[in-house]
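First comes the structure, then the notes that go with it.
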Amino acid sequence: MVTSIRENLEIVREGIRKAAALCGRREEEILLVAVTKTRPVEDVVEAVRCGVTSVGENRVQELLEKRALWPGGKEPEWRLIGHLQRNKARKALSAASTVDSVDSPELAAVLSRIAAEEGRTLPVLLEVNTSGEASKHGVAPEKAEALLHGILETCPALRPEGFMTIGPLTGGEKEVRKAFALLRTICESARESTGLALPELSMGMSGDFYWAVQEGSTMVRIGSSIFGARR
């Protein structure tokens, strides 16, 4: 298992390199976030040993458990990438460096209040449902910029750094790239209207990160291609 994580990471990194080269970008412009849902902490430790610096967790409880079990030594940046319920926000902030799935004014307000109480500024990404699929979380594309402006006006302890989306499950390359291009367009418009850098576009997972990089992703979230099928 240990060998395969190292080998799988090299394959993923080579894919990122190739995709970046196709559009005149460098591999260093894209952060690899290892998604560790259902994986034991030993797998996360090995990924970090192999150079992973950022880990994405979908569930608050798993995030808490892995941090409690961390054996010491070099620890990654822990990003909460899954849907967050407001009643779990305080627990999430006790373990997560960032929340990449802010999708409502209500959640943003709770996160800002808790972060302010703790004397910190919380980096966040706004999740947008670019595919329109009912099974996915995220604010509607036409409401994304309004959500951002609302956060800037009323959530002083949050620092929006960009946007996140999940590609559609169906439709192939054309539909997936269309969804990613939409997020890029939303981000470009938001940069103009706010004057903020908003440097991050988190898009692309194991099955579609190659296209995401070509559409401007700065952060790919890879799980099964590194660790194998979920348990």
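Within region 106-158, the set of residues being β-branched (Val, Ile, Thr) and over 21 Å from residue 200 (Cα atoms) comprises 110, 114, 154.
Of the residues making up region 152-165, those that are in a loop (DSSP other than H, G, I, E, B) and open to solvent by less than 50 Å² (accessible area, probe 1.4 Å) are 155, 157, 165. Annotation: of all residues in region 171-191 being within 15 Å of residue 133 (Cβ to Cβ) and within 21 Å of the chain's Cα centre (by Cα), the one that is most open to solvent (accessible area, probe 1.4 Å) is 178.
Considering only residues in region 184-231 that are basic (Lys, Arg) and either touching a Gly at 6+ places or on another chain (Cβ under 8 Å) or not in a helix (DSSP H, G or I) (or both), the one that is modelled with the lowest pLDDT turns out to be 231. Screening the candidates 17, 13, 26 for the property of being without any contact (Cβ under 8 Å) to a residue 24 or more places away in the chain, in contact with an Asp or Glu (Cβ under 6 Å, 6 or more places away or on another chain) and open to solvent by 20 Å² or more (accessible area, probe 1.4 Å) yields one hit, 17.
Under the condition of being assigned to a helix (DSSP H, G or I) and free of Cβ contacts under 8 Å to residues at least 24 places away in the same chain, the residues counted in region 32-46 number 1.
Does residue 70 meet the test of being open to solvent by less than 50 Å² (accessible area, probe 1.4 Å) and in contact with a Gly (Cβ under 9 Å, 6 or more places away or on another chain)?
no
Scanning region 192-211 for residues that are under 13 Å from the mean Cα position of the chain (by Cα), closer than 17 Å to residue 101 by Cβ and either open to solvent by 20 Å² or more (accessible area, probe 1.4 Å) or of a type in the set (A, V, I, L, M) (or both) yields 200, 201, 203, 205.
The values are calculated or read from the model by the stated rules, or taken from the named source; none is laboratory data. Since the structure is predicted, the reported quantities are computational estimates derived from the model, not experimental observations. Neighbour counts run over all protein chains shown; Cβ positions are idealised from the backbone, glycine included. With ligands, DNA and RNA removed, areas are computed over all heavy atoms of the protein, side chains included. Shrake-Rupley method; radii C 1.70, N 1.55, O 1.52, S 1.80 Å.
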